[in-house]
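Written out below as structure tokens is the structure these notes cover.
The values are calculated or read from the model by the stated rules, or taken from the named source; none is laboratory data. Bear in mind that the values here come from a model prediction, so they are computed numbers and not experimental data. When we count neighbours, we look across all protein chains shown, and the Cβ atoms used for this are built from the backbone with ideal geometry, even at glycine. Ligands, DNA and RNA are excluded from the accessible area calculation, which covers all protein heavy atoms including side chains. Shrake-Rupley method; radii C 1.70, N 1.55, O 1.52, S 1.80 Å.
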Amino acid sequence: MFTSRKDAGGVLAGELIKQGIKADLVLGIVRGGVVVAKEVADLLHLPLEVLVVKKLGAPNNSELAIGALTSDGVTFIDNSLVNSLGVEKSYLFNEVKIQHQAFTVRDKKLRKGYSSISVINRRVLVVDDGAATGATLFAAIKWLKKKHAGTIILALPVAAKHAAVELQNLVDRCVILEEPEDFGAVGQFYQDFREVSDDEVVSLLKPK
């Protein structure tokens, strides 16, 4: 159990230092992951970047991620979940279209004044506040590979075991502090798991 996302970031940074992890930049997943990533970046003295990833919600259950996409259209679809739920292709097509249309304005707001992220041949430390299905991280990793990142390192405070196994197979190195058997949602492992606003993300990106 972590007190807050900032607390989780501090503990995670300590473990990364202990393991001698080296990186060129920290990439925080919007929105909650940016709070964790900010603490990691500060303690490891690394630059912080953010990646906006939006999950694709299942029919009648928007909180259940059947996939995810990035602002520039890199898309991950959980085909096994889509098939088991019987999600129609027309629904999936429309969900991707709706979420992508909402991205343009939001991405510019969060990254205003900042240039686009360059990860070519760089060691990228990807940080989120946790992983339940892992959909957003699968999309983020797919995006990093498309952008030719040199090394992909994943760091999480907590993850469901099934997601952890799959994620570990996709990256060069993986550090997950907790992989509990009883996993319902990421929020159950935080005392304070309040929603993070876009304005808070913007403030975290401002240089000191």
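Longest stretch of the chain clear of exposed loop sites (GluC sites (Glu not before Pro), DSSP loop, at most 16 other Cβ atoms within 10 Å, sites excluded): 89-180.
Starting from the Cα gyration tensor of the range 1-78, multiply each eigenvalue by 5, take the square root, and state the resulting semi-axes largest first in whole Å.
Details: eigenvalues 152, 47, 21 Å².
For the range 1-78, the ellipsoid semi-axes come out as 28, 15, 10 Å.
For Cα Rg over 2.2 N^0.38 Å, which listed value, (1) 1.04; (2) 1.09; (3) 0.97, comes from the coordinates shown? Answer by label: (3).
Counting only residues at least eight positions apart within a chain, or on another chain, the aspartates and glutamates with an alpha carbon under 14 Å from that of K206 are E39, D42, E49, D198. Given a 1.4 Å probe and the protein chains all in place, what does the accessible area of I152 round to, in Å² to the nearest 10? Using a 1.4 Å probe on the heavy atoms, I get roughly 10 Å². Accessible-area rank, largest first, for R173, R5, R31: R173, R31, R5, with all protein chains present and a 1.4 angstrom probe.
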